[in-house]
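Inspection log for the structure reproduced underneath, given as structure tokens.
The values are calculated or read from the model by the stated rules, or taken from the named source; none is laboratory data. Quick caveat, the model's predicted, so the values are computed rather than measured. As a convention, Cβ positions derive from the backbone with ideal geometry for all residues, glycine included, and neighbour counts pool all protein chains shown. The area values use the complete protein model at the heavy-atom level, side chains included, leaving out ligands, DNA and RNA. Shrake-Rupley method; radii C 1.70, N 1.55, O 1.52, S 1.80 Å.
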Amino acid sequence: MIFERLAAALRADAPVALATRLDEVRPGAKLIVDVSGAEGDLGSPGLNFAVEAEARALLAVGENALRTFGCDGEPIGTEARLFIQAFAPKADLYIFGAIDFSRAMARLGKYLGYRVTVIDARPVFATEARIPDADRVVVAWPDEFLASARVEPRTAIVVLTHDTKFDIPLLKVALDTNAGYIGAMGSRRTHAARVELLRAGGVSESDLERICAPVGLDIGARTPEETAISIAAEIVAMRSDRRGGRLRDGSLAVHP
Amino acid sequence: MIEILDTVERWRAEGQRVALATVVRVEQSAPRDPGAVMAVSERGEVAGSVSGGCVEAAVYEEASDAIGTGRPRLVTYGISDAHAIEQGLTCGGTIHVFVERLDW
């Protein structure tokens, strides 16, 4: 059954796409596409073939789309109108440093739908008992971990290590990736010192600009929970190319 | 979708028929993106949502009808809609929702 196959893929966080015909000819006809193939029937082999290809393309970028095809899958046709829903695996949130802030950040990251990994070089601190909401807690040297980790534009990197010895090599590796969010905790003074070290290490001005530091939106956060909300809000704002701040003070559409 | 899986599977295991409503298109400002889903059981229970609560009642009626008739339909809600006063989105957007019986 298609629904069971969809449910299994979603639970396994495996890529899966579901195409539904919306037109009056075969409303509700379905095709499911996953790593092991396709199942279902949209009305003709040509249409199934064309939609499977389109679904795989959408899976690569993790986007849903409305598409029209001819009744046999012709790309310029309009008889078949489809909604193709692409369920990409969860995006990664990498949190470096296993401190109290990391516990709160991991919890909010999960809440936002990220696959959360917490990394710390110190085995005493990097334990699942301390960070219960993380999908993974890894004992590793931060820069070495990130150098071999999966990173894509949807990835968020939050540096809470707060220690130059870890921060500098880690930020250098982070800036070599295409991660969509790179945040680093620390005061303005801490970050100014970090910037000097990174600059001396050959990091470009445009790369330095990518670092969100001091990290988070300006909501007056004090506790780990408040700080995590501030950072999570900045991650969401960066994702939708917004600056943060109060909606009542703005003029853009509320929903981007 | 993942947030309604457990509930939908439970309904189906109980032998209930289920309707699924999916946001397939959004124009201008709307609270939920395409892909947002709401499921309705034969007994009238609900899981998930398709808006910020503005059109759920109308979608619920369509879903209940789809459970009985098996007829899928594409419905549109928004300020341009004739039923704007009762069923419009307060945010001023338009959403297109596909409602179907979960026969698959």
In segment A:21-44, anything among the hydroxyl-bearing types (Ser, Thr, Tyr) and farther than 20 Å from A:ALA60 by Cβ is listed as A:SER44
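Do we have A:LEU93 as part of a helix (DSSP H, G or I) and open to solvent by less than 20 Å² (accessible area, probe 1.4 Å) here? Don't jump to the end; show me each part of the working.
Numbers: part of a helix (DSSP H, G or I): no; open to solvent by less than 20 Å² (accessible area, probe 1.4 Å): yes.
Answer is no for this residue.
Yes or no, residue by residue, for (1) touching a strand residue (DSSP E or B) at 6+ places or on another chain (Cβ under 8 Å); (2) surrounded by 17 or more Cβ atoms within 10 Å (Cβ to Cβ); (3) within 25 Å of A:ASP163 (Cβ to Cβ):
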residue: A:ASP207; (1), (2), (3): no, yes, yes
residue: A:THR223; (1), (2), (3): no, no, yes
residue: A:GLU234; (1), (2), (3): yes, yes, yes
residue: A:ASP241; (1), (2), (3): no, no, no
residue: A:ARG246; (1), (2), (3): no, no, no
residue: A:PRO256; (1), (2), (3): no, no, no
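Look at segment B:16-49 and say how many of its residues are closer than 13 Å to B:LEU102 by Cα and open to solvent by less than 60 Å² (accessible area, probe 1.4 Å).
As a first pass, look at segment B:16-49 and keep what is closer than 13 Å to B:LEU102 by Cα: B:16-22, B:37-42.
Then drop every residue that is not open to solvent by less than 60 Å² (accessible area, probe 1.4 Å), which leaves B:16, B:18-22, B:37-41.
Within segment B:16-49, residues that are closer than 13 Å to B:LEU102 by Cα and open to solvent by less than 60 Å² (accessible area, probe 1.4 Å) number 11.
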Restricting to segment A:62-79, give me the number of residues that are within 14 Å of chain B (Cβ to nearest Cβ) and either open to solvent by 60 Å² or more (accessible area, probe 1.4 Å) or free of Cβ contacts under 8 Å to residues at least 60 places away in the same chain (or both). 6
Filter segment A:11-45 down to the residues that are open to solvent by 20 Å² or more (accessible area, probe 1.4 Å) and either of a type in the set (A, V, I, L, M, F, W, C) or in a helix (DSSP H, G or I) (or both) and list them by number. A:ARG11, A:ALA12, A:ALA14, A:VAL25, A:VAL35, A:ALA38, A:PRO45
Run down A:ALA104, A:ALA98 and say which single residue is within 25 Å of the chain's Cα centre (by Cα), part of a loop (DSSP other than H, G, I, E, B) and more than 14 Å from chain B (Cβ to nearest Cβ). A:ALA98
